[in-house]
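Since the structure comes first, as structure tokens, the remarks are kept for the end.
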Amino acid sequence: MKHDNISKEHRAFLQKSRRKTGVVNAVRLGLLLLLLGLWELVTALHWADPFLVSSPSRIAKTIASLYQEGTLFYHIGITLSETLIGFIAAILLGGVTALLLWWSETFRRILEPYIVVLNALPKIALGPLIIIWCGTGSRAIVFMTILVTVILVILHMLSAFLSADEGKVLLLRSMGANKAHILVKLVLPSSLPAFVSMLKVAVGMSWIGSIMGEYIVSRAGLGYLIVYGGQVFKLDLVMAATVILCFLAALMYFLVALLEKKLVRT
């Protein structure tokens, strides 16, 4: 048995925790089904115009239609690839930049005002420049994704690096450790929970960046479907693309949560 070596009290606690988790998951699913049912009922009884608010059944039919046309996974693949490339690039670029800023106080003091300004700048305002710099293809969308996400990564990781226990830093220095030793032995391990927390936020920001990019310039993708559906008043298409986006973002967040359990809780 897996829990043969634990006490009865501990086993009872684990069973209670599993039951509580099961209840929470059941309530979540029940709430979702209730909301979908109410939405369908409201539109079926014409308490709200289904043309304006769509309905779960109309959304399902639209998704099925996209699948039958052979374009569903094409649009999903375009947006997903742009988001993942931008997400990974932003994590790498932001993490390296945060390390450099932690390593050199002078470098940090020079660049910090610029980072704050870039963080406050509405990224959508750079849309015309991004089109000129990167063209009208996927490169512009990936660039927008990186731009939206990278500053968040830098700020979160720099804060995590700088919050390392000063007492432990002084102890390592007293034992002859240099900055590289402090980074490897203390700063990076202590910042792991903050890194995973940052990934959760960066997931949402990367999706925002890719959809913003597709709003500005795209020929395919879920953002393109939303823009096109709004232009021709196919609101079922708008809602269908939005639902798919929610599902993909939730799936990506779930994968990060699994990574958190693997890295932080073990």
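With respect to the chain, whose longest principal axis is taken over its alpha-carbon atoms, helix 72-103 is tilted by about 20°. Protection proxy ranking for 152-160, 183-191, using the average of other Cβ atoms within 10 Å per residue and placing the highest first: 152-160, 183-191. Each of 88, 76 was scored by other Cβ atoms within 10 Å of its Cβ. Listed from fewest to most, they are 88, 76. Across segment 214-223, computed HN-Hα scalar couplings (Karplus, 6.51 cos²θ - 1.76 cosθ + 1.60, θ = phi - 60°) run 6, 5, 6, 8, 6, 10, 7, x, 5, x Hz from first to last residue, x flagging Gly and Pro. Projecting the Cα atoms of 151, 103, 90 onto the charge dipole of the chain (Cβ charges, centred on the Cα centre) puts 103 farthest toward the positive pole. Centroid-to-centroid, using Cα positions, segment 90-107 and segment 205-266 are 28 Å apart. The chymotrypsin sites (Phe, Trp or Tyr not before Pro) of segment 209-266 that meet both conditions, a loop assignment by DSSP and at most 15 other Cβ atoms within 10 Å of the site Cβ, are 233.
None of the figures in this text is laboratory data; all of them are computed from the coordinates on show. Just so it is clear, the structure is predicted and the values come from calculations on it, not from any experiment. Cβ coordinates were reconstructed from backbone atoms using ideal geometry, including for glycine residues, and neighbour counts include every protein chain displayed.
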